[in-house]
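The values are calculated or read from the model by the stated rules, or taken from the named source; none is laboratory data. Here the structure is a predicted model, which means the values were calculated and not measured. A quick note on method: Cβ atoms are made from the backbone with ideal geometry, for glycine too, and the neighbour counts reach across all protein chains shown.
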Amino acid sequence: MSALEVTDLTVRFAGLTALDAVGFTVRPGSIHAVIGPNGAGKSTCFNVLSGVYRATSGSVRFGGADLTRMPPHRIAALGVARTFQNIALSRFQSVEDNVMLGRHRLTRAGFVGAGLRLPFARREDTRHRARVRDIARFVGVSEYLDAPVGMLSYGVQKRVELARALAMEPKLLLLDEPVAGMNGGERRAMAEVIVAARADLDISILLVEHDMGMVMRLADEVTVLDFGRRIAAGTPTEVQRDPEVIRAYLGVQAADAADAADSAGAAAGSESETA
């Protein structure tokens, strides 16, 4: 397994700095979360990592490969898969066919062989569809395999998109707000699938998410962005208590209150020792 190393990543759009020298490392086999208020640069970061945007400066390395200037299809070929904040599925195709799209990078038959339904292409298609059914069961959407995606609930569609990403057999999975718009039960089900994917499929996961409860339960490490800068990093517990993070989410008064509470606690502890 390989680490994802993001170093001094800077992105500018016509003078606007969307990311300013951001850096973090996703350790092999870990769940790493990138959080921050709206406009912090989270989606821009994801778009650079997946090759949609080009960085102005800095680097992104995965294993021995430099992803910084690679197009999306080459990054995907290295085993990096992603989901999207807004569902990106073909509404009129079945769940099975949508998930099959994730097998594209693993297909060897080619356009002609598949189009002519040559024997080796049919055998390969059978193997891939068997794997798609396995993944659908893993994610919990196997009962919908024949249904057009557009007829399914929003929560099920989000799981179908996750299934398509897993169908790529990734080494690194990028999840862009995987539980956005879901109800409580759907969020819990998705969280269980994410944990199982890390454990059973032996992959690393980088997620952007606004559900702080989910982030604090799932993430091994958290990177916090605000206005394109990294303002904090560490374990969920460390990040939760960081004054800069509290200030970014709740405002200056809340951060000052947190500082005061910590100071009072430290003072009480000192007095106790003296006594």
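Overview of values
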{"read-out": "Flag if residue 86 is under 29 Å from residue 217 (Cα atoms), more than 15 Å from the chain's Cα centre (by Cα) and exposed (fewer than 15 other Cβ atoms within 10 Å of the Cβ)", "value": "no"}
{"read-out": "Members of segment 52-62 found to be crowded, with 16+ Cβ neighbours inside 10 Å and in contact with a Lys or Arg (Cβ under 9 Å, 6 or more places away or on another chain), listed by number", "value": "55, 62"}
{"read-out": "First in segment 180-203 and over 14 Å from residue 169 (Cα atoms), second anywhere and outside any loop (DSSP other than H, G, I, E, B), Cβ under 6 Å, 6 or more apart", "value": "181/154; 182/155; 186/155; 191/214; 193/139"}
{"read-out": "Residue within segment 61-83 that is within 22 Å of residue 232 (Cα to Cα) and not polar (S, T, N, Q) present", "value": "yes"}
{"read-out": "Qualifying helices (runs of 4 or more DSSP H) (wholly inside segment 131-247; at least 2 residues being modelled with pLDDT of 95 or more and under 24 Å from residue 44 (Cα atoms))", "value": "154-166"}
{"read-out": "Contacts under 8 angstrom Cβ, first residue in segment 50-61 being in contact (Cβ under 8 Å) with a residue 60 or more places away in the chain, partner surrounded by fewer than 17 Cβ atoms within 10 Å (Cβ to Cβ) and not in a strand (DSSP E or B), 6 or more apart", "value": "50/72"}
{"read-out": "Selection from segment 122-161 of residues that are free of Cβ contacts under 8 Å to residues at least 12 places away in the same chain, charged (D, E, K, R) and under 22 Å from residue 184 (Cα atoms)", "value": "137, 143"}
{"read-out": "Residue check, residue 98 at pLDDT below 90, of a type outside the set (Ser, Thr, Tyr) and either out of contact with any Asp or Glu (no Cβ under 7 Å at 6 or more places or on another chain) or not in a loop (DSSP other than H, G, I, E, B) (or both)", "value": "no"}
